[in-house]
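Chemist: If you scroll down you'll find the structure; I have some questions about it.
The values are calculated or read from the model by the stated rules, or taken from the named source; none is laboratory data. Keep in mind it's a predicted model, so treat the numbers as computed, not measured. With ideal geometry, Cβ positions are generated from the backbone for all residues, glycine too; neighbour counts draw on all protein chains shown. Surface areas here come from the heavy atoms of the whole protein model, side chains and all, with no ligands, DNA or RNA. Shrake-Rupley method; radii C 1.70, N 1.55, O 1.52, S 1.80 Å.
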Amino acid sequence: MKKNKTGAAAAAAPKKPFLKKLKDSRTLLLMCLPAILFFIVFNYCPLPGVYIAFTNYNFRDGIFGSPFVGFKNFEFLIRSGELWHLTRNTVLYNLAFIVIGNVLQIALAIMLNEIGSKLFKKVSQTLMFLPYFISVVLIGAIAFNILNYDTGALNSLIRATGGNPIKIYSQAGIWPFIILFCNLWQQTGYGSVVYFASICGIDSSMIEAAEVDGATSWQRIRYIILPSLKPTFIILLLFALGGIMKGNFGLFWNLIGNNSQLYSTTNIIETFVYRTMMSQNNFATSSAVGLYQSIFGFALVMFSNWLVKRIDPDYALF
Amino acid sequence: MRKKNVIRRIAAVTLCAAMAAQTMIPALAEENVFEGIDTSDHEVITMLVLGNKPTNGRLEAMLEELNAVLTEKVNAELDLFYIEWTDWQTQYNVQLLSGDSRVDIITTATDWLYAWENTQKGAFLPLSEDMLKTYAPKTWAQVDADGDWDVCKYNDEIYFIPEDHYTQYTNHGMFYRGDWAKEAGLEDGTITKYEDLTDYFAWILENKPDCIPFDANKNTGNIITGYLTSKTDNVIISGVNVGNDEFWFGMSPDDPFTVTSPYMEGDALYDAADLMKEWNDMGVWREDVMNYDGDTREAMYAGTSGADQHHSQTYYSQVKPNMDVKQEGSDVKMYYWGMENNNVSKPLRTHGAAAINSYSEHPERALMVYDLLRNDETCYRLINYGIEGVDYIVTEDGKLDYPEGYDTSRDALDSNFWCGRNDDLELQNVSWWDGTADMIANYDSFAYDYPYEALIIDKNAIEAEMAAMANVLSEYLPQLRWGKFEDPHAAIDEMREKLMAAGYEDVKASIQADMDAYKESLETAE
């Protein structure tokens, strides 16, 4: 985190006038412009629309003309008794994705780094990368063709070997594992690239020095590579924590659909909002749920950033 | 200029005279009913329809021809805006919600297209009598003569035009094969009550190993509703679905103004759930039916499904004629819900309706175009059937047929004009089952009038409770419907308890209040 340190140094120096700073970094700002515009248009401009969550919305009066109803739309969330359940499911899934996902990604990156054969390295990297580009719609279809009771590959195999087929699509308990597996299969290869890149960025003289001093492979990994990955890991973790209230909606929806036998373990906030909107066409309530999700996520980002700052200010995002 | 006008007038008068002399049709029918209306600006009228937009070029060809006619008559052209079937409920409501001024005419319906909700939310333009009489005179006259404007009124203002002059029965039921039913030992090979289906399915399981008795998929309609209709006298109240399910009922055709729900009251639901569990355990449908998305109808055509579920119009217009060709001798029949207790209501007059967008920039011209589409023979045939000789032909005895080599699945026009079909101009389709008229006559002989056509439920008052109830139903109903609970009775008790907690009694009281007011308004009208 060299950058942060120089930033801190600059803050300590006498302050430059704002306009001067703007002028000095105009090239950098220009490069940021597309991203800034993107966020303004898609993330800041629609913000006033949040108001819809507090209204009894109708077409003719529009968002700001519709009658204000306070927290009535949120009542539904609590009344349905699902709020706690959904939050729990969403958070647990994300924690599993983040923790197991990152561990696997780091492990893969290190393994790739240790492989000597360039050809093997490239081939395996490509193969691991591929699932990321497969549409979740296809993943849903593939899963159904493997797992379904009547004609699925898995159950056909079980039948052929004389076993009792499993009714996978009616057993809620199995699905967290299936979803976790699919998510890891989809994301790990892609995620490992970031870590692999940071490994490649490690000053090679450190590793060479360690080798000269007689460090084994394990020692190199333990004392050089892993500590060097820490900043990357923390940044990725912070980003991921901010999204902890979001889910991988496409994956969940395409695997589960409207199979209510599996809701108890697979319903997350996003699938809940989607199903509610699809069957109720209730935009105000959907916005209310979305707002709850965003505020909770916001609080989490602030909290985790605060936590990291307390432990080591250099690693904090802001 | 003046000379030309004189000539035109003379020509018109002579033509009218000739027409009047020739037929008994009043001269008015051919006279320009829009005379005196300023149509000097050329307008493009956009109509929102539901369906998948065709890509075979036939629609565009038809529109080109139609627009030439419309331009000549009212100096306007028509464009179609499609809401495709993927996620159509959301797409439809979002489109109306957006306040998009491009759309002028909106296809709607009180039972399946949220007409009252959208009226309440202000999506539709109120249509004054003067406006209708001036810009849609023929439509006005016909609907008025049939006394049907009342079913389109909200707070005494008309909000949409009903498709009230078109016969179709859209009551649901099960299609099954008469040949197999006969072998299964059912009398005449006919299923007359719900439980007979069990024998039919059992026979298929035993004798047709390659066939799934009812190869349903995750989108198949709720067959428990069918059971409840057949075993109680309750009358479904359309348009107040909880979630996507019909939930609220009137007590009976004789006592339609008492609100109830067999999902909450009585034992019929227990019996239904037991039967569904029996079917599921037998293997009537796939174990994973809730995730399966194959096409049941195609499977039935291919002989791999013994049954399919949909409504009468689908039966006589598609399934029966198709099965007669694709499964010769299958003698496909329909067991309609409510057969054993004659619990069938006549079709809603607002199962299709046309509304004008409240943001439309030229509502008057939109009404004029609509009036032509609905009542002018040339326009009617173009929008519904396409170009004569290419998309359809008229047989010598005046029926509708298709040219040689025409394939519906490839060449369909798909203009989806479902908001103004008209029996007077409708051609009898030779490809439809020739027993159609008898089937409809049979329904007409015993079906009762749908009692709730102008009933409007104030949904704002009960939105939160209904949402909570929908949430409960979305979890329990699919599992009850496909017989997935180990102990259906316990599941029903649990569901009923949760529905109570979600506010069932409050919603019921609120709907009952609306119903009482409706009953009163009917009585005072009399």
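Chemist: Give A:G214, A:G247 a once-over and let me know the one that is surrounded by fewer than 21 Cβ atoms within 10 Å (Cβ to Cβ), part of a loop (DSSP other than H, G, I, E, B) and not aliphatic (A, V, I, L, M).
Modeler: A:G214
Chemist: Tell me yes or no: at least one residue of segment B:511-518 is farther than 30 Å from B:M62 by Cα, open to solvent by less than 50 Å² (accessible area, probe 1.4 Å) and within 14 Å of chain A (Cβ to nearest Cβ).
Modeler: No: segment B:511-518 contains no residue that is farther than 30 Å from B:M62 by Cα, open to solvent by less than 50 Å² (accessible area, probe 1.4 Å) and within 14 Å of chain A (Cβ to nearest Cβ).
Chemist: Let me ask another. If A:I269 meets every condition in (1) surrounded by fewer than 22 Cβ atoms within 10 Å (Cβ to Cβ); (2) hydrophobic (A, V, I, L, M, F, W, C); (3) at pLDDT 85 or above apart from one, which number is that one?
Modeler: For A:I269, the exception is condition (1).
Chemist: Scanning segment B:152-183 for residues that are crowded, with 21+ Cβ neighbours inside 10 Å and over 20 Å from the mean Cα position of the chain (by Cα), which turns out farthest from B:I440 (Cα to Cα)?
Modeler: B:I158
Chemist: Further, regarding this structure: Do we have B:V235 as touching a strand residue (DSSP E or B) at 6+ places or on another chain (Cβ under 8 Å), of a type in the set (V, I, T), buried (at least 17 other Cβ atoms within 10 Å of the Cβ) and at negative phi here?
Modeler: So B:V235 fits the description; yes.
Chemist: Just the residues that are buried (at least 19 other Cβ atoms within 10 Å of the Cβ) and either touching a strand residue (DSSP E or B) at 6+ places or on another chain (Cβ under 7 Å) or more than 8 Å from chain A (Cβ to nearest Cβ) (or both), please, taken from segment B:473-494.
Modeler: Listed by number, the residues that qualify are B:L473, B:L477, B:L480, B:R481, B:W482, B:G483, B:F485, B:P488, B:I492.
Chemist: Sticking with this structure for a sec: From the list B:L400, B:L348, which residue is without any contact (Cβ under 8 Å) to a residue 40 or more places away in the chain, over 20 Å from B:T71 (Cα atoms) and surrounded by 17 or more Cβ atoms within 10 Å (Cβ to Cβ)?
Modeler: Only one candidate qualifies: B:L400.
Chemist: Please specify each residue of segment B:19-41 satisfying the condition of being part of a loop (DSSP other than H, G, I, E, B) and either modelled with pLDDT under 85 or hydrophobic (A, V, I, L, M, F, W, C) (or both).
Modeler: B:T23, B:M24, B:I25, B:P26, B:E30, B:E31, B:N32, B:V33, B:F34, B:E35, B:G36, B:I37
Chemist: I would also like to ask the following. Would you please list the contacts, defined by Cβ atoms under 8 Å and residues six or more apart or on different chains, that run from a residue in segment B:407-428 that is free of Cβ contacts under 8 Å to residues at least 24 places away in the same chain to a residue that is open to solvent by 60 Å² or more (accessible area, probe 1.4 Å)?
Modeler: Filtered contacts from segment B:407-428: B:T408/B:Y402.
Chemist: Right, next: Sort out which residues of segment A:27-86 are within 17 Å of B:K121 (Cβ to Cβ), modelled with pLDDT under 80, touching a helix residue (DSSP H, G or I) at 6+ places or on another chain (Cβ under 6 Å) and surrounded by 18 or more Cβ atoms within 10 Å (Cβ to Cβ), and write them in order of number.
Modeler: Matches in segment A:27-86: A:Y57, A:F59, A:N73.
Chemist: Hey, among A:S260, A:S294, A:S287, which residue is surrounded by 15 or more Cβ atoms within 10 Å (Cβ to Cβ), of a type in the set (G, A, S), over 17 Å from A:V136 (Cα atoms) and more than 10 Å from chain B (Cβ to nearest Cβ)?
Modeler: A:S287
Chemist: Let me ask something else. Give the residue that is nearest to the other protein chains (Cβ to nearest Cβ), with candidates limited to residues of segment B:281-312 that are buried (at least 18 other Cβ atoms within 10 Å of the Cβ) and assigned to a helix (DSSP H, G or I).
Modeler: B:A299
Chemist: Take segment B:78-110 and flag every residue that is of a type in the set (D, E) and surrounded by fewer than 24 Cβ atoms within 10 Å (Cβ to Cβ).
Modeler: Hits for segment B:78-110 are B:D79, B:E84, B:D87, B:D100.
Chemist: For A:L130, are the conditions met, namely being touching a residue at least 24 places away in the same chain (Cβ under 8 Å), more than 12 Å from chain B (Cβ to nearest Cβ) and surrounded by fewer than 18 Cβ atoms within 10 Å (Cβ to Cβ)?
Modeler: Criteria met by A:L130.
Chemist: Output the qualifying pairs, or none if there are none: Cβ atoms under 6 angstrom, residues six or more apart or on different chains, first residue in segment B:243-261 and part of a loop (DSSP other than H, G, I, E, B), second residue polar (S, T, N, Q).
Modeler: B:G243/A:S279; B:G243/B:S474; B:N244/A:S279; B:E246/B:T225; B:F247/B:S261; B:W248/B:S261
Chemist: Something else now. When segment A:263-284 is examined, which residues are found to be within 12 Å of another protein chain (Cβ to nearest Cβ) and of a type in the set (A, V, I, L, M, F, W, C)?
Modeler: Scanning segment A:263-284 gives A:F272, A:V273, A:M277, A:M278, A:F283, A:A284.
Chemist: Still on this structure, I have one more. Scan segment B:234-250 and give yes if some residue there is modelled with pLDDT of 90 or more and over 25 Å from B:W116 (Cβ atoms), otherwise no.
Modeler: So far as segment B:234-250 goes, no, none of its residues is modelled with pLDDT of 90 or more and over 25 Å from B:W116 (Cβ atoms).
Chemist: Within segment B:111-125, how many residues turn out to be open to solvent by 10 Å² or more (accessible area, probe 1.4 Å) and within 11 Å of chain A (Cβ to nearest Cβ)?
Modeler: The number of residues fulfilling the criteria is 5.
Chemist: How many residues, within segment A:163-189, are open to solvent by 50 Å² or more (accessible area, probe 1.4 Å) and either among the acidic types (D, E) or within 14 Å of chain B (Cβ to nearest Cβ) (or both)?
Modeler: Residues meeting the conditions: 5.
Chemist: Which numbered condition trips up B:L499, out of (1) open to solvent by 20 Å² or more (accessible area, probe 1.4 Å); (2) assigned to a helix (DSSP H, G or I); (3) more than 9 Å from every other protein chain (Cβ to nearest Cβ)?
Modeler: Evaluating B:L499 over (1) open to solvent by 20 Å² or more (accessible area, probe 1.4 Å); (2) assigned to a helix (DSSP H, G or I); (3) more than 9 Å from every other protein chain (Cβ to nearest Cβ) leaves (1) as the failure.
Chemist: I would also like to ask the following. In segment B:453-472, which residue that is of a type in the set (V, I, T) and away from chain A (no Cβ under 11 Å) is surrounded by the most Cβ atoms within 10 Å (Cβ to Cβ)?
Modeler: B:I457
Chemist: Looking at segment B:458-474, which of its residues are farther than 14 Å from B:F247 by Cβ and without any contact (Cβ under 8 Å) to a residue 40 or more places away in the chain?
Modeler: Selection gives B:E463, B:A464.
This table checks each residue for (1) over 30 Å from A:S286 (Cα atoms); (2) assigned to a helix (DSSP H, G or I).
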| position | (1), (2) |
| --- | --- |
| B:P451 | yes, no |
| B:I462 | no, yes |
| B:S474 | no, yes |
| B:L477 | no, yes |
| B:A490 | yes, yes |
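Chemist: Determine whether B:S305 is touching a Pro at 6+ places or on another chain (Cβ under 8 Å) and more than 24 Å from B:P162 (Cβ to Cβ).
Modeler: Taking the combined requirement at face value, the residue satisfies it.
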